[in-house]
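Heads up, the thing below is written out as structure tokens.
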There are 2 protein chains.
Amino acid sequence: MAQKPSIPKGTRDFNPEQVAKRNYIFNTIRNAFETFGFQPIETPSFENSDTLMGKYGEEGDRLIFKILNSGDYLSKANEQAYREKDSNALISSISEKALRYDLTVPFARYVVQHQNEIEFPFKRYQIQPVWRADRPQKGRFREFFQCDADVVGSSSLWQEVEFIQLYDTVFSALKLEGVNIKINNRKILSGIAEVIGASDKLIDFTVALDKLDKIGEEKVKEEMLSKGIPQSGIDKLKPLFTLSGSFESQINGLKGILEASEEGQKGIEELAFINSAISALGLTTATVQLDVTLARGLNYYTGAIFEVSAPESVQMGSIGGGGRYDDLTGIFGMKDVSGVGISFGLDRIYLVLEELNLFPEAVSRNIEVLFINFGDKEALFSLKAIKQLRLKGINAELYPDAAKMKKQMNHANKRAIPFVVLVGEEELNSNTYTLKNMVSGDQLNVTLEALVDKIKTF
Amino acid sequence: MAQKPSIPKGTRDFNPEQVAKRNYIFNTIRNAFETFGFQPIETPSFENSDTLMGKYGEEGDRLIFKILNSGDYLSKANEQAYREKDSNALISSISEKALRYDLTVPFARYVVQHQNEIEFPFKRYQIQPVWRADRPQKGRFREFFQCDADVVGSSSLWQEVEFIQLYDTVFSALKLEGVNIKINNRKILSGIAEVIGASDKLIDFTVALDKLDKIGEEKVKEEMLSKGIPQSGIDKLKPLFTLSGSFESQINGLKGILEASEEGQKGIEELAFINSAISALGLTTATVQLDVTLARGLNYYTGAIFEVSAPESVQMGSIGGGGRYDDLTGIFGMKDVSGVGISFGLDRIYLVLEELNLFPEAVSRNIEVLFINFGDKEALFSLKAIKQLRLKGINAELYPDAAKMKKQMNHANKRAIPFVVLVGEEELNSNTYTLKNMVSGDQLNVTLEALVDKIKTF
């Protein structure tokens, strides 16, 4: 009854090297989060369906993984839906729980549920997997990690400034130099829509504008026209498409376009504040760029919108993003809590570091020394040394079986272990160890003390 | 449409302090795993149902969380089961995936699937959550982490020796002194069953024997009798119930009982080998004890069986366990791969450390310094210092809003932040910072350099 083993599509096994590389990224992000004052929380992998459903639009609802109720789940099945074999209508009566779709909604739920224990403003970070029943494709998985940092309970723009610094800190620590942090503001988008007479079509307008990079000015205009935005309004967009130069000169250009919109002016002010603070503080390796086409499709942003793209030499979509949302906890009954946050895209960052060969060589904590096993007496003698090595934090192990020496040496080679130690009768009698450097081939007969020293200082 | 937020029963939110404490345990275990030469792997949260179902017995199958297929899942529903509204029979036709129930079966699947990439013997560790639809109760959750280390591809008893050392290393590092590592061997249990004429009732026999601690000798005998084990056999158990003294003397007692069983003798040999190696190597704080009643209910152990109990001062079940299984990968078509492994029970270890007050005070990486916000000019000046502090690895933040000073100081107090820095007009003009120690109340006016120094050496 042997089964051919496999894993569900869109999911992955990670081998030791991959886990080590992923942990290198996680640890770098975590470390930066903590120096910036963010504190970790964790929420359950599954939430009550009520908590998640209806928060991500119709498409999102479809992509949420539902967990079948335990026991005789059909006993509570909605009768009409069951009779009509209506999959969609039946769900809520046979499934009460669903896998987390992102970290933002569970965070909002957490804040509302624990509001009396939380000291606001609350800076939290969360690094956990999420699940989406999306069609798997290159770089898109059904299970993947999100790394989010958010602040709730303050509308201060200093947060936006710090998030840009945080992006710069993380990517500089990862030696990924030259990332581009694009920034926009929902109020700019609203202002433009207002000015061109498309306030009631803000979503259609931003969705079309967001495609400027991909499809070009003419196609964007066509799409806007097809969505019912008047030609007279679209004509007013001309200066927008030709905005260029420094952050400051783009801001000046926007001032003209948005003269008639109070909200637009507010957006400009916010962007200018952030830009001047960042200029004064300086960034290590990242650059900041104003991008008025940036909308990130997400409807809940109310202020700043961020997106980070990899250095130009790499073909890769965004490797991070975020923004300000003024009423996220409102869906759970807690009004007027402003939040702002950013996210790091682990899988894409991994691919970029791989492509640019930026993972440190020592990222995987391999075994440093393997003791060859020549039999029980020698093994016991070896384990005494191994115990001392481990106490010094050195990763050491004994080959478990007294197999042929060639087999054991091959094992060391295949695993790229830098040192082996040989203990035979001679060493046993002289209370010494023979240390072999697997790279140079050098061999030394040493005492236990010298052995520890040699390996520790390698 | 406000919803009162809650989480599914048996699941938990973890606040920053809890996450920090859990990570302290995870990191200690991970560190020990790595010095012992184990390497990390990770597997997907859900597996194909085929991989999991039928591996944990009927009860286990019931407790596995099933994921509803996406889309029009009823279109492929088994017609007869649907007609008969048979929940159980319907499952496999509407659910193809299920949440991981433990880490052992996914590991076996991983080994078989990746056997050509793996260099054996393979020492892997895995720290990931698992899910069980068990009735929640104190210390039992529907989502919890397992921390497993296993070796596959060697039947050497040195592994058993190393696992005992590993338990000792982890619990000593956690300052949890005096844990008791109980050890038994399935061959001893089989041998005894053979000697008393109950070989065909090995499971009934071990299940009853396992209860000796809880229900006492007489009740155990009654249960055996009721399961059809002959009185004449039960009479032979007398010396077993009175086994006592050191590991060695118990082994000598067992030799007499098991004289007639070849398998039993083998079990004794194995135990004696392990015990003599451990005696020679020494343990730091743990003790090892032979416990012939130990069976751990798990039917797949074929050799050593381990269980760790907390120090006697704490009322807590086992905090770890494991053993040797000779054919785990057989279920996936790969024969004759011997494995041995142990597991750490995170949640119980957490409760024990909490009860004994063993978490280090500095376990949670709190903010070390909060800068009071007196306005935008002062905030910008503060952020220049904060940037330097963070570069030195100091957790620092700016209060985001220029709120009343009392409110900001309260915030620092509530979060137990040890230092605050005050930057007003005076400091701005003199290019200095006023550092206040929140514990002593002392205040100092210092340069940026001195500020970094003071906080770093605190």
(Q) Working only with C-alpha atoms, what are the Rg and Dmax values of chain A, expressed in angstrom? (A) 28.7, 96
Q: Could I have the simple spin-label model distance between A:Ala260 and B:Phe241, label points 7 Å from Cα toward Cβ, reported in nm to one decimal?
A: 9.8 nm
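Leaving out ligands and nucleic acids, note down the accessible area per residue over the range B:19-76 with a 1.4 angstrom probe, in whole Å². List each step's numbers first, then the result.
Working: 1970 Å² over 58 residues.
In whole numbers, the range B:19-76 has 34 Å² accessible per residue.
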Q: Take the Cβ-Cβ distance between B:Ser249 and A:Arg415 as r, set R0 to 45 Å, and report the resulting FRET efficiency rounded to the nearest 0.05.
A: 0.60
Q: Mind pulling the angle between the C-alpha long axis of helix B:16-35 and the longest principal axis of chain B? Nearest 10 degrees, somewhere in 0 to 90.
A: 60 degrees
Q: With a Förster radius of 25 Å, plug the Cβ-Cβ distance of B:Asp134 and A:Ser75 into 1/(1 + (r/R0)^6) and report the FRET value to the nearest 0.05.
A: 0.80
Q) Which distances, shortest first and in nm, link A:Gln315 to the matching position in the other copies, using label points set 7 Å out along Cα to C-beta? A) 6.6
Q) Along Cα→Cβ at 7 Å, what distances in nm separate the A:Asp327 label point from those on the other copies, shortest first? A) 6.5
Q: Determine the gain in length on full extension of the stretch A:Glu84-A:Thr457; use 0.36 nm per residue of separation and subtract their C-alpha separation, reporting nm with one decimal.
A: 127.0 nm
Q) Ignoring ligands, DNA and RNA, how do A:Glu427, A:Glu79, A:Glu368 rank by accessible area with a 1.4 Å probe, largest first? A) A:Glu79, A:Glu368, A:Glu427
Q) DSSP beta bridges in chain A, what fraction antiparallel, as a percent rounded to 5? A) 80 percent
(Q) Once ligands and nucleic acids are excluded and a 1.4 Å probe is used, how much of A:Lys221 is accessible, expressed in Å² to the nearest 10? (A) 50 Å²
Q.
So for chain A, averaging the separation of alpha carbon pairs under 8 Å that are six or more residues apart and normalising by length, what relative contact order in percent results?
A. 15 percent
Q) Can you give the angle from 0 to 90° between the axis of helix A:212-226 and the longest principal axis of chain A, with both taken from C-alpha atoms, to the nearest 10? A) 30 degrees
(Q) For the interface of B with A, what's the total buried accessible surface in square angstrom, probe 1.4 angstrom, rounded to the nearest hundred? (A) 9300 Å²
Q: Would you work out which of A:Tyr325, A:Ile7, A:Met409 lies farthest towards the positive end of the dipole of the protein assembly as shown? Charges go on Cβ: Lys and Arg +1, Asp and Glu -1.
A: A:Ile7
Q.
Need the C-alpha centroid separation for the range B:66-82 versus the range B:406-429, integer Å.
A. 60 Å
Q: Work out from phi, with θ = phi - 60° and the Karplus expression 6.51 cos²θ - 1.76 cosθ + 1.60, the ³J(HN,Hα) of each residue of the range B:444-458, listed in order in whole Hz, and give x for Gly and Pro.
A: 9, 9, 9, 6, 4, 4, 5, 4, 4, 4, 4, 6, 5, 8, 5
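So what's the range B:1-86 giving for Cα Rg divided by 2.2 N^0.38 Å, two decimals? Intermediate values should be presented prior to the final figure.
Numbers: Rg = 20.2 Å, N = 86, 2.2 N^0.38 = 12.0 Å.
Ratio of Rg to 2.2 N^0.38 Å for the range B:1-86: 1.69.
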Q: Keeping all protein chains in place, calculate the accessible area per residue for the range B:259-385 (probe 1.4 angstrom), answer in Å².
A: 41 Å²
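With a 1.4 Å probe and every protein chain kept in, tell me what percent of the accessible surface of chain A is carbon plus sulfur. Could the numbers behind the result be given before it?
Working: 9230 of 19560 Å².
The nonpolar share, carbon plus sulfur, comes to 47 percent.
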Q. Relative to the longest principal axis of chain A, what angle (0 to 90°, nearest 10) does the C-alpha long axis of helix A:158-173 take?
A. 30 degrees
Q | 7 Å along Cα→Cβ, label-point gaps from B:Ala280 to other copies, nm, shortest first | A | 7.1
Q: Report ³J(HN,Hα) in whole Hz for each residue of the range B:377-388, in order, from the Karplus equation J = 6.51 cos²θ - 1.76 cosθ + 1.60 where θ = phi - 60°; Gly and Pro get x.
A: 5, 5, 5, 5, 4, 5, 5, 5, 6, 4, 4, 5
Q | Whole-Å distance, taken between Cα centres, linking the range A:101-169 and the range A:223-268 | A | 31 Å
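Rank these residues by their accessible area, most exposed first, probe 1.4 Å: B:Tyr24, B:Tyr300.
Details: B:Tyr24 40, B:Tyr300 80 Å².
From most accessible down to least: B:Tyr300, B:Tyr24.
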Q. Which of the listed residues, A:Ile367, A:Ser430, A:Leu451, is farthest toward the dipole's positive end in the range A:365-456, when Lys, Arg count +1 and Asp, Glu count -1 at the beta-carbon?
A. A:Ile367
Q. Going 7 Å from the Cα of A:Gln289 in the Cα-to-Cβ direction, what parts of the range A:302-337 have a backbone nitrogen less than 18 Å from that spot?
A. A:305-322
Q: Indicate the residues belonging to the range B:106-122 that lose 20 Å² or more of solvent-accessible heavy-atom surface (probe 1.4 Å) upon moving from the chain alone to the assembly of all protein chains, ignoring ligands and nucleic acids.
A: B:Arg109, B:Tyr110, B:Gln113, B:Glu119, B:Pro121
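According to the Cα gyration tensor, what semi-axes, each the square root of 5 times an eigenvalue, does the equivalent ellipsoid of the range A:365-456 have, listed from largest to smallest in whole Å? Working shown, then result.
On the way: eigenvalues 54, 51, 33 Å².
Gyration-tensor ellipsoid for the range A:365-456: 16, 16, 13 Å.
If each residue of separation counts as 0.36 nm, what is the full-extension length gain between B:Ile203 and B:His114 once their alpha-carbon separation is subtracted? Before the final figure, lay out the partial values.
Details: separation 89, 0.36 × 89 = 32.04 nm, distance 3.34 nm.
In short, 28.7 nm is gained.
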Q.
Students often forget the sequence filter, so: which lysines lie under 18 Å Cα-Cα from A:Lys406 once same-chain residues fewer than 8 apart are removed?
A. A:Lys414, A:Lys436
Q: Please find the FRET efficiency linking A:Asp347 to B:Lys392, where r is the Cβ-Cβ separation and R0 is fixed at 35 Å, and quote it to the nearest 0.05.
A: 0.65
Q: Would you mind estimating how fast the range B:168-274 diffuses translationally, via Stokes-Einstein at 10 °C and 1.306 mPa s with the Kirkwood radius over Cα pairs, in µm²/s?
A: 107 µm²/s
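Dipole magnitude of the range B:116-165 about its Cα centre, charges +1 at Lys/Arg Cβ and -1 at Asp/Glu Cβ only, in debye to the nearest 20?
Values: 7 positive and 8 negative charges, 102 e Å.
In total the dipole reaches around 500 debye.
Evaluate the charge dipole of the range B:365-456 about its Cα centre and quote only its size in Debye, nearest 20, assuming +1 on the Cβ of each Lys and Arg and -1 on the Cβ of each Asp and Glu.
Numbers: 14 positive and 11 negative charges, 87 e Å.
Value, rounded to 20: 420 debye.
Over 24 Å between C-alpha atoms is what I'm after, so list which of B:Lys377/B:Lys456; A:Lys236/A:Lys266; A:Lys85/B:Lys66 land there.
On the way: B:Lys377/B:Lys456 26 Å; A:Lys236/A:Lys266 20 Å; A:Lys85/B:Lys66 20 Å.
Exceeds cut-off: B:Lys377/B:Lys456.
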**Q.** Backbone HN-Hα couplings from phi across the range B:67-83 [Karplus 6.51/-1.76/1.60, Hz, Gly and Pro as x]
**A.** 9, 5, 4, 7, x, 7, 4, 6, 5, 10, 5, 4, 5, 5, 4, 5, 4
Q) Hey, what did the range A:105-202 get for relative contact order, percent, Cα under 8 Å, at least 6 apart? A) 18 percent
**Q.** Inter-label distance, nm, simple model (7 Å from Cα along the C-beta direction), A:Asn429/A:Gln315
**A.** 6.7 nm
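How much of the DSSP beta bridge set in the range A:365-456 is antiparallel, as a percent to the nearest 5? Mind dumping the intermediate values first?
Numbers: 8 of 14 bridges.
Bridges in the range A:365-456 are about 55 percent antiparallel.
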Q. Hey, can you list the residues from the range A:157-202 whose accessible area shrinks by 10 Å² or more with all protein chains present, relative to the chain by itself (probe 1.4 Å, no ligands or nucleic acids)?
A. A:Trp158, A:Gln159, A:Glu162, A:Gln165
Q. Counting only Cα, what are the radius of gyration and maximum Cα-Cα distance Dmax of the protein assembly as shown, in Å?
A. 31.5, 102
Q. In the full protein assembly as shown, how much of B:Thr293 is accessible to a 1.4 Å probe, in Å² to the nearest 10?
A. 20 Å²
Q. What does a probe at B:Tyr300 reach in the range B:106-143, counting residues whose amide N is under 12 Å from the point 7 Å along Cα→Cβ?
A. B:106-112
Q. Stokes-Einstein at 10 °C, 1.306 mPa s, Kirkwood radius from Cα pairs: D for the range A:59-143 in µm² s⁻¹?
A. 102 µm²/s
Q | Signed unit charges on C-beta, dipole axis of chain B, positive-most listed residue B:Ala385, B:Gly339, B:Phe65 | A | B:Ala385
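How big is the dipole moment of the range B:1-95 about its Cα centre under a simple scheme where the beta carbon of each Lys and Arg is +1, that of each Asp and Glu is -1, and everything else is neutral? Debye, nearest 20, please.
Details: 12 positive and 13 negative charges, 85 e Å.
With only Lys, Arg, Asp and Glu charged at Cβ, the dipole is about 420 debye.
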Q: For B:Arg30, tell me the accessible area in Å² from a 1.4 Å probe, rounded to the nearest 10.
A: 70 Å²
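The values are calculated or read from the model by the stated rules, or taken from the named source; none is laboratory data. Model, not experiment: these values are computed from the prediction. We place every Cβ from the backbone using ideal geometry, glycine too, and count neighbours over all the protein chains shown. Note: areas computed on protein heavy atoms with side chains; ligands, DNA, RNA excluded. Shrake-Rupley method; radii C 1.70, N 1.55, O 1.52, S 1.80 Å.
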